[in-house]
Amino acid sequence: MRAISVQQPWAFAIARGGKDVSNQPLPTAYRGPVLVYASLRVDLGACDSPLVLAAGWDPGDPLATIGAVIAVAAIEDVCSGAVLDGSCDCGPWADAEAHHWRLAGVTPLPRPVVALGKVGLWEPSATLVTEVRTMLASTAAGTG
């Protein structure tokens with residue numbers, strides 16, 4: 001499993017608002033599960049974005065935090081069409097000058113898991129992965 005760092009409020013939009021694209025400066029060959037980490041940096045200009053507001057942005061929501069894992073998803077594909085030749089139909093969340101890491105199966109966590117992250121796609125510690133998996137399992141079992 002890997003983790004991906006995303007600035008708020010975009011991380012919140014992935015966890016709660018149906019954002020199915022993570023705009024990244026580089027493509028990746030990785031496909032599979034990722035922890036969605038809300039980085040310590042915030043895109044303040046995006047907090048009033050119509051897309052973010054339509055996604056239900058709520059600074060009081062626990063998943064609007066920074067410096068924590070807030071969801072689990074899977075990178076299922078990467079579209080580089082917008083960057084390479086302008087041919088892309090990845091939807092309203094896609095930035096025309098970025099590679100679009102398409103996310104599927106997004107599951108928000110019941111509460112954030114505070115952690116130290118890294119920029120981009122990174123390998124989380126085994127302890128962090130175990131904590132997230134345990135939380136999801138206990139939630140599924142109705143004990144979380």
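The values are calculated or read from the model by the stated rules, or taken from the named source; none is laboratory data. Bear in mind the structure is a predicted one, so any value in this text is a computation, not a measurement. Here Cβ is always computed from backbone atoms with ideal geometry, including for glycine, and neighbour counts include all displayed protein chains.
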Unique residue being over 16 Å from the mean Cα position of the chain (by Cα) and either touching a residue at least 40 places away in the same chain (Cβ under 8 Å) or closer than 17 Å to Arg31 by Cβ (or both) when the list is Leu51, Leu109, Leu116, Leu136: Leu136
Filtered residue count, region 7-34, keeping only those that are in contact with a Phe, Trp or Tyr (Cβ under 7 Å, 6 or more places away or on another chain), under 15 Å from Ile66 (Cβ atoms) and not in a helix (DSSP H, G or I): 1
Residue within region 58-69 that is assigned to a helix (DSSP H, G or I), in contact with a helix residue (DSSP H, G or I) (Cβ under 6 Å, 6 or more places away or on another chain) and without any contact (Cβ under 8 Å) to a residue 60 or more places away in the chain present: yes
Cβ pairs under 6 Å, 6+ apart, first in region 70-91 and without any contact (Cβ under 8 Å) to a residue 40 or more places away in the chain, second surrounded by fewer than 19 Cβ atoms within 10 Å (Cβ to Cβ) and hydroxyl-bearing (Ser, Thr, Tyr): Gly81/Ser87
Which numbered condition Pro124 fails, given (1) crowded, with 19+ Cβ neighbours inside 10 Å; (2) within 20 Å of Lys19 (Cβ to Cβ): (2)
Residue match in region 47-63 (condition: touching a strand residue (DSSP E or B) at 6+ places or on another chain (Cβ under 6 Å) and modelled with pLDDT of 95 or more): yes
Selected residue [among the charged types (D, E, K, R) and either buried (at least 17 other Cβ atoms within 10 Å of the Cβ) or touching a strand residue (DSSP E or B) at 6+ places or on another chain (Cβ under 7 Å) (or both)] from Asp95, Asp89: Asp95
Residues being closer than 18 Å to Ala94 by Cα and of a type outside the set (A, V, I, L, M) - total across region 17-55: 16
Residue satisfying all of: in region 1-41; of a type in the set (Ser, Thr, Tyr) and out of contact with any helix residue (DSSP H, G or I) (no Cβ under 9 Å at 6 or more places or on another chain); surrounded by the fewest Cβ atoms within 10 Å (Cβ to Cβ) among these: Tyr30
Qualifying position, being within 18 Å of Arg2 (Cβ to Cβ) and part of a loop (DSSP other than H, G, I, E, B), among Leu116, Leu103: Leu116
Flag for Tyr37 being part of a strand (DSSP E or B) and among the hydroxyl-bearing types (Ser, Thr, Tyr): yes
Residue within region 42-49 that is in a strand (DSSP E or B), crowded, with 21+ Cβ neighbours inside 10 Å and of a type outside the set (Gly, Ala, Ser) present: no
